[in-house]
Amino acid sequence: MKFLLVDDHPMWRQGMVLFLRGHAAATDVLEAASGLEALDLVERHDDLALALVDLDMRGMGGLETVTRLRERRPGLRSVVLSASDRQDDVWRSLSAGACGFISKSADPQEMKSALGEVMGGRPCVPTLGTPSGAAVVPGQASRAASPCSLTLRQQEVMSLMCRGLPNKSIAQELSLTEKTVKVHVGAIFKVLGVTNRTQAVIAARGGAGWGAALL
């Protein structure tokens, strides 16, 4: 498999290239020191399996890079790498189109496991609030959920959640009260077997059938 590594720190790139070749089944790793270089490489290599993008880069940041990579090559999976594991950074990365978020503080085994989840078509996020920053996926209940499990209104709310809209904006979009939206969000959590918005979005992006129904 051919990977694209986008990071503006040469030493970090060097270490990650060695790791990807030795532990992540990467037969080739292309390196880009900026988002613009990444876009150029995507244009010239149509066999890329995965893009790993640093969140905090000079110039074109990681989120914009992920967004533009998705526009340029919709089928290319992207994972955000970051020294941060703040929930807000995870949420913004998923909203930009990343299928995973891996903390740079993860140990080699955690990194390998996380990449395996992504290459298997399953989203991954860090365990928020833990020191290790290990990457995990939501519970089996969220994977098994079907769009038909939600009411039409809940599907509309879920679709807007996937676009990153807060409850107030969802209420305005659907001509509902914010209180009503909160009720729908709570019901969605229960159906999907998740406990927060980030997990709900991951379930929507990664669960079978969700992409066509909601995104």
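For region 41-56, filtering for residues that are under 24 Å from Lys112 (Cβ atoms), touching a helix residue (DSSP H, G or I) at 6+ places or on another chain (Cβ under 9 Å) and either of a type in the set (Lys, Arg) or open to solvent by less than 80 Å² (accessible area, probe 1.4 Å) (or both) leaves 8.
Restricting the search to region 29-40, which residues are open to solvent by 20 Å² or more (accessible area, probe 1.4 Å) and more than 20 Å from the chain's Cα centre (by Cα)?
Step one: list which residues in region 29-40 are open to solvent by 20 Å² or more (accessible area, probe 1.4 Å), which gives 30-31, 33-34, 36-37, 40.
Listed by number, the residues that qualify are Leu30, Glu31, Ala33, Leu36, Glu37, Asp40.
The strands (runs of 3 or more DSSP E) found wholly in region 1-114 and carrying at least 3 residues that are touching a strand residue (DSSP E or B) at 6+ places or on another chain (Cβ under 8 Å) and closer than 27 Å to Gly164 by Cα occupy 2-6, 48-54, 77-82, 100-103.
Quick one: is Thr151 modelled with pLDDT of 80 or more and surrounded by fewer than 14 Cβ atoms within 10 Å (Cβ to Cβ)? Spell out the reasoning first.
Details: modelled with pLDDT of 80 or more: no; surrounded by fewer than 14 Cβ atoms within 10 Å (Cβ to Cβ): yes.
Against the criterion (modelled with pLDDT of 80 or more and surrounded by fewer than 14 Cβ atoms within 10 Å (Cβ to Cβ)), Thr151 does not qualify.
Within region 174-201, the set of residues being of a type in the set (A, V, I, L, M, F, W, C) and either in contact with a strand residue (DSSP E or B) (Cβ under 6 Å, 6 or more places away or on another chain) or open to solvent by 50 Å² or more (accessible area, probe 1.4 Å) (or both) comprises Val183, Val191.
Considering only residues of region 87-111 that are small (Gly, Ala, Ser) and closer than 16 Å to Asp56 by Cβ, which is most open to solvent (accessible area, probe 1.4 Å)? Ranking the qualifying residues of region 87-111, first place goes to Ser105.
Determine whether region 66-73 contains at least one residue that is of a type outside the set (Ser, Thr, Tyr) and in contact (Cβ under 8 Å) with a residue 60 or more places away in the chain.
If we filter region 66-73 for residues that are of a type outside the set (Ser, Thr, Tyr), which is where we start, we get 66, 68-73.
Filter once more, keeping what is in contact (Cβ under 8 Å) with a residue 60 or more places away in the chain: none.
Checked against the condition, which is being of a type outside the set (Ser, Thr, Tyr) and in contact (Cβ under 8 Å) with a residue 60 or more places away in the chain, region 66-73 yields no hits at all.
Determine which member of the set Leu63, Leu81 is crowded, with 21+ Cβ neighbours inside 10 Å, in contact (Cβ under 8 Å) with a residue 40 or more places away in the chain and at negative phi. Write out each step before concluding.
Working: Leu63 fails: in contact (Cβ under 8 Å) with a residue 40 or more places away in the chain.
Exactly one of Leu63, Leu81 is crowded, with 21+ Cβ neighbours inside 10 Å, in contact (Cβ under 8 Å) with a residue 40 or more places away in the chain and at negative phi, namely Leu81.
The values are calculated or read from the model by the stated rules, or taken from the named source; none is laboratory data. None of the values given here were measured: they were computed from a predicted structure. Positions of Cβ are generated from backbone atoms using ideal geometry, with glycine treated the same way; all protein chains shown enter the neighbour counts. These accessible areas exclude ligands, DNA and RNA; they are computed on the full protein's heavy atoms, side chains included. Shrake-Rupley method; radii C 1.70, N 1.55, O 1.52, S 1.80 Å.
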